[in-house]
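First comes the structure, then the notes that go with it.
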Amino acid sequence: MPGLDVAGQTLFVKPAGTGAYDGFLTEGLLGYDFLSLVVLDIDYDARVVHLCDPRRFTYSGPGDSLELIDLDQVKVPFVRAKIAQPGRQAMEGEFILDTGARVSLTVNSPFVDDHKLLQYSPANIDAIVGGGAGPVGEARQRVTRLEKLEFGRFNIANLVAGFSQDKTGPLASKDFDGVIGGEILRRFHVILDYSHHRVILAARLHAKVPDAGISLKQCPKQ
């Protein structure tokens, strides 16, 4: 990449099954072993990704810094977040931040069942929300709206969410509770800083977000 030359990376070769759902082919994925070497700065407004030297990187902007939990063990960016349904108290879980997931939010089937989410979401539809990397077939979920998602100092209201009904696979796991995807993350300027176990999110105040709004009452303005 321009300005960066990394040697000794492990390469995995596997079938790619996302093209039929994305409308374009993805040639590969860059994961933790690569991203842990840099600070990844994703500027959705400019459609630019900056790769920064973690030894020299500093941040003094208005963004909110969230701790990445269990990073050394699982090498996946987990954050604590809360989801709320109308008339119910917010429920806390551990969610993966996944820029490659097109959805807003997916909730794993054990969390759905344990918290009886479908019983409190009568207005939901069965939908194909995409397909995973590899020959895993179609990903079907019960799609509905949540009252809000809270993480860090941000409240995202009236968002579309998918409730997994999987019995096997990652979305049937009890090791984490769901996935916060690109439809949420694109509302922010995202800085992924593995070296300091944090992700920094700064709201894009002028982002067009048709299905949800971001409340900035508790956040400094940009």
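The values are calculated or read from the model by the stated rules, or taken from the named source; none is laboratory data. Since the model is a prediction, treat every value here as computed from it, not as a measurement. In this analysis, Cβ positions are derived from the backbone assuming ideal geometry, glycine residues included, and neighbour counts consider all displayed protein chains.
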Scan the range 130-139 and give yes if some residue there is of a type outside the set (A, V, I, L, M, F, W, C), on the phi < 0 side of the Ramachandran plot and at pLDDT 85 or above, otherwise no. no
Output for the range 29-75, where each listed residue is acidic (Asp, Glu) and under 12 Å from residue 193 (Cα atoms): 41, 53, 67
Of all residues in the range 53-78, count the ones that are in contact (Cβ under 8 Å) with a residue 60 or more places away in the chain and polar (S, T, N, Q). 1
Taking the range 60-86 and keeping only residues that are more than 30 Å from residue 158 (Cβ to Cβ) and not charged (D, E, K, R), one is left with 60, 71, 73, 74
Of the residues in the range 65-95, those that are within 15 Å of residue 173 (Cβ to Cβ), of a type outside the set (D, E, K, R) and in a strand (DSSP E or B) come to 78, 93, 95
Could you please give the count of residues in the range 67-94 that are closer than 22 Å to residue 33 by Cβ and of a type outside the set (D, E, K, R)? 9
Restrict the check to the range 44-59 and report whether at least one residue is within 22 Å of residue 146 (Cβ to Cβ) and within 16 Å of the chain's Cα centre (by Cα). no
Examine the range 166-179 for a residue that is modelled with pLDDT of 95 or more, closer than 20 Å to residue 78 by Cα, in contact with a strand residue (DSSP E or B) (Cβ under 6 Å, 6 or more places away or on another chain) and in a strand (DSSP E or B), and state whether such a residue exists. yes
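Quick one: which residue in 48, 13, 38 is free of Cβ contacts under 8 Å to residues at least 60 places away in the same chain, farther than 30 Å from residue 110 by Cα and surrounded by 10 or more Cβ atoms within 10 Å (Cβ to Cβ)?
38
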